[in-house]
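All remarks here apply to the structure that follows.
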Amino acid sequence: MALAPDPMLPRRARVLASRQDTRDTWTLELELDGAAPLPFAPGQFNMLWPFGVGEAPISICGDPAEPARIVHTVRAVGAVSQAIAAAAPGAVLGLRGPFGHGWPTVQAIGHDVLIVAGGIGLAPLRPVILELLAHRGQYGRAALLYGARTPADALYGHELDAWRARGLQVLTTVDVADRAWTGAVGVVTRLIPRAEVDPARTVAMVCGPDVMMRFTAQELTARGFPAARVHLSLERNMRCAVALCGHCQYGPTLLCRDGPVLTWERLRPLTSVREL
Amino acid sequence: MTAPPTLRLARADLDALLDAVRADGWTVLGPTVREEAIVYDRVDRAADLPAGWTDVQAPGRYRLERRADEALFGYAVGPHSWKRALHPADVRLWRASRTADGFAVDDAPPAAERTAFLGVRACELAAIAIQDRVLLDGPYPDPIYRARREATLLIAVQCGTAGGTCFCASMNTGPGVTGGADLTLTELLEPAHAFVVEVGSPRGAAIVARLASPPPPATEPERAAAGAVVARTAASMGRTLDDPARVPAALQETYDHPRWDDVAQRCLTCANCTMVCPTCFCTQVSDTTDLTGDHAERWRRWDSCFTLEFTHVHGGSVRQTARSRYRQWLTHKLSTWHDQFGTSGCVGCGRCITWCPVGIDITEEVRALLAPAAPAPGGAQ
C-alpha cells in the first residue's frame, strides 16, 4: 500500500475563478494539479497557503458532489486571508486538507434539519445545503435561518431563491437594514419560532460568531431541540491541522481533530468558561 | 524462555559497555556537566559523566554540589529532557521555490542518526511513552518524531537520589524502572563501585553480547542491593501530588476558583515550565521567505501556551490573562490531557518547579485548588 501523502506538505491549487461577494469577502474556485478530486465532508476545512505569506484554515464551501471543484469563501481580515482573497484566476495557492470532523449530514437523514448561520458562518454550511437539496427526499422538513449585519453583507444572495425553490425554507434577517430591505430586522435567534421544523426530531447545525452560536444554542434547547442534536462549528487558532501542535485546544478537545463541529451537549459546560 | 539475565558490570568496565554501544552503531548522549548544570550531550567515555556531582533542587533553585563519593549518576534530572533529541526545538519541515506553474516543494524525508540515550530515568521513560501517545498514536503520526524514536536505544538508570522537587512516586512513574528500556543500570557504590544491569530487549542483549569479557550474573545480594536503592529513593522523596486518581475530573470543576487569580499574581508567563517539561509538545508552524520572495521555508518550533500569540484568532487572543494561561497549562497537563490522549501529561519529574523563576510548585497549586472550601470570612451565614 502506498504511503499517504505527508499531511504537512502543501499541494498546488490553481485559482480558476474569483468573485467578490461583499465589501470584504471573496469566493474562489480552485483546482488541484490534473484536476484531481479532493473528496471532503461538509464542515471540513483546508489550510490555504499564499506562497511565502502564511497559512490559514478556511472552510470548504463547495458541492460535495463535485470534489474536483474546490470552493472557498474567504473574508479578508488579516495578512494571510487578504492574500488569499486577492488571488486572481491563474494564481496558485498551497493547499493541505481536508481536515477535521464536519457536520452530521448522515445522522440527519430521516430528520428535520435546521440550519442557523450568521455572516460568513453560512460558508461552511453551504455544502450541507447542497447535499441536503441533492437528496431532498431523504430528509424531513428543512429550514435555513440566516442573519447578516446589513443586506450588503449577506452571502450567496443569488442562491437563496434557488434553494427556496428546491424545498428549503429560507428566512433572513439583518442587524441594520437599508431602504430596499423589506425583510426582518434583528438577531437571528428571533427567526427560530418561525422555522417550520419539529424540534424533537430535528438536527440543528449552527455557525457564526461565538456569541451568536451560544445564544442560538441556548434558544434552541429552551425550545425543545435536544442538545445532543444541536451542532456548532468553532474557530480557534489552527496551525498544523493534524492534532500535533496544540494550538486549537478547547478544554478537553483538540478542535482540528475532534471538531471543528461539536455538539452543544459537549460544548455547553465549556462555553461558560471565560478564556478557555 | 529463560528470564532476561541480570548482570554485574564493574565501574571499570563501563567504558567497555560504551565501546560496545558505539560498535553497534549508536552515538551516545548522556549526562554531562555544562555551565553549572547537568545536561544531555555527547558522551564518549565514562569520564565524560558527572562523577562525584549531585544537584540540589528546590522551587526556583538548582545548584551543583560535590558528593562525598564518585557516583556517576548521583543526581536527579536537570533542565534538559530527551524531548530535545526526539522532538527537536527547531526543525525545517520543507522548503519551496516559485516555479512557472506555481511552486515546487522540496521535502527531504526525515533522517535520524542512531542514538543511544544513556542515563534515562524512570520518569523520562514515562515521558517518552506519553510523547509516543501524543505524536505517534493520533490520526497523523509525526514522521520526524517517528524516525528519531525508532533510531533510539534507551539505557536507563534507576534513581539513587530523589531530587528536591521530584514527585514521581506519587505519579506512579518512578523511581524504579518498570519497562521500556533496552538496558537498565542500577549504580551500587559499596562494597565496590559497580552496576547491576538488566537486559530489557533484543537490542540490549546485542550490546551485552559485544562485550569482550562477558559480565557475570549479579549475585543475590547485589540484586537485593539494587532493589534497596530504588526503595530508599522512593522513601526519601519529599513531595507528592495528592490523590492523583481524583485530580483529572476534580480539576475540571475549578475553572472559576480564586486560586487561579492568586497564582496569576506570581506567574511571569515566561514559559520556562513548558520548555523544561519532558512532555510539553506544542509547536509553532511558521513560514519564512528570503529577500527575493522566491524561496520559502516552513519551520516547526517549540511553542508555549504561556504566550499571548498562542491563541491568536481574528479579533485578538483567546487567553488574554496570565490566569487563563496558567490555568490552561496546569489543567491540560493533569486533566484534559487524559481526555485528549488517554494519559496524564505529567510524570512528576519536578522540572517545572525547579526552573520556575518564582518557584511556583504544581503540587502545591493542585493542593490549594482541590482543598475543601474554607469557611467564608466572618463565620457562618
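What follows draws every value from the coordinates through simple rules; no lab data is involved. As the structure is a computational prediction, the values presented were derived from the model and not from experiment. Neighbour counts run over all protein chains shown; Cβ positions are idealised from the backbone, glycine included.
Assorted remarks:
- Most mobile listed residue (B:G160, B:G119, B:G204) in chain B, GNM with C-alpha springs under 10 Å: B:G204
- Prolate/oblate/rounded label for the range A:11-99 (Cα gyration tensor, a/c 1.5): rounded
- Ratio of the Cα radius of gyration of the range B:35-183 to 2.2 N^0.38 Å, where N counts its residues: 1.28
- Extension gain, B:E36 back to B:R61 (0.36 nm per residue minus Cα-Cα distance, nm): 7.8 nm
- Comparing A:A79, A:A123, A:A142 in a Gaussian network model of chain A where C-alpha atoms under 10 Å apart are linked, the largest mean-square fluctuation is found at A:A79.
- Backbone amide hydrogens, once placed in the peptide plane, bring B:L153 within less than 5 Å of B:T115, B:A116, B:F117, excluding anything fewer than 5 places away on its chain.
- Value of Rg to Rh for chain B (Rh from inverse mean 1/r over Cα pairs, i.e. Kirkwood): 1.01
- Using a simple spin-label model with pseudo-atoms 7 Å out from Cα toward Cβ, A:A35 and B:R246 lie 6.6 nm apart.
- Calculated FRET value between A:R201 and A:A65, using beta carbons and R₀ = 25 Å, to 0.05: 0.45
- A simple rule links phi to the HN-Hα coupling: the Karplus curve 6.51 cos²θ - 1.76 cosθ + 1.60 with θ = phi - 60°, which for the range A:23-31 gives 3, 10, 10, 10, 10, 10, 10, 10, 9 Hz, with x for Gly and Pro.
- Considering only Cα atoms, the convex hull volume of chain A works out to 140 Å³ per residue.
- Cα gyration tensor category, rounded, prolate or oblate, for the range B:247-381 with a/c compared to 1.5: prolate
- Chain B: calculated mean residue ellipticity at 222 nm from DSSP helix runs of at least 4, using -39500 (n - 2.57): -8000 deg cm²/dmol
- A simple spin-label model places pseudo-atoms 7 Å from Cα toward Cβ; at B:A264 and B:T219 they are separated by 6.3 nm.
- Loop-located trypsin sites (Lys or Arg not before Pro) across the range A:1-77 with a Cβ neighbour count of 15 or fewer within 10 Å are A:R23, with loop assigned by DSSP.
- Candidates A:V15, A:V203, A:V106, ranked by Gaussian network fluctuation over chain A, Cα under 10 Å, top entry: A:V106
- Rg(Cα)/(2.2 N^0.38 Å) for the protein assembly as shown, N = residue count: 1.12
- Among beta bridges identified by DSSP and lying wholly in the range A:112-271, the antiparallel ones come to about 20 percent.
- Förster-model FRET efficiency, 25 Å R0, A:D175 and A:D24, C-beta, rounded to 0.05: 0.95
- Residue-count net charge about B:A192 - beta-carbon cut-off 11 Å; Lys, Arg +1, Asp, Glu -1: 0
- Counting only other chain Cβ atoms within 10 Å of each residue's Cβ, the peptide A:49-55 averages 6.
- Estimated inter-spin distance, B:A68 and B:D15, nm [label 7 Å along Cα→Cβ]: 2.9 nm
- Average projected area [Cα convex hull, the range A:112-271], square nanometres: 9.7 nm²
- Mean residue ellipticity, 222 nm, helices only, chain A: the sum of -39500 (n - 2.57) across DSSP H runs of n ≥ 4, divided by residue count and rounded to 500, is -5000 deg cm²/dmol.
- Restricting the trypsin sites (Lys or Arg not before Pro) of the range B:230-263 to loop positions (DSSP other than H, G, I, E, B) with no more than 12 neighbouring Cβ atoms within 10 Å leaves B:R246.
- For the range B:328-342, Karplus couplings with θ = phi - 60° (6.51, -1.76, 1.60), whole Hz, Gly/Pro x: 4, 5, 5, 5, 5, 4, 9, 10, 6, 4, 4, 4, 7, 10, x
- Cut-off 9 Å between beta-carbons: net charge of the residues surrounding A:T150, Lys and Arg +1, Asp and Glu -1: -2
- For the pair A:R268 and A:L9, a Förster radius of 30 Å applied to the C-beta separation gives a FRET efficiency near 0.20, rounded to the nearest 0.05.
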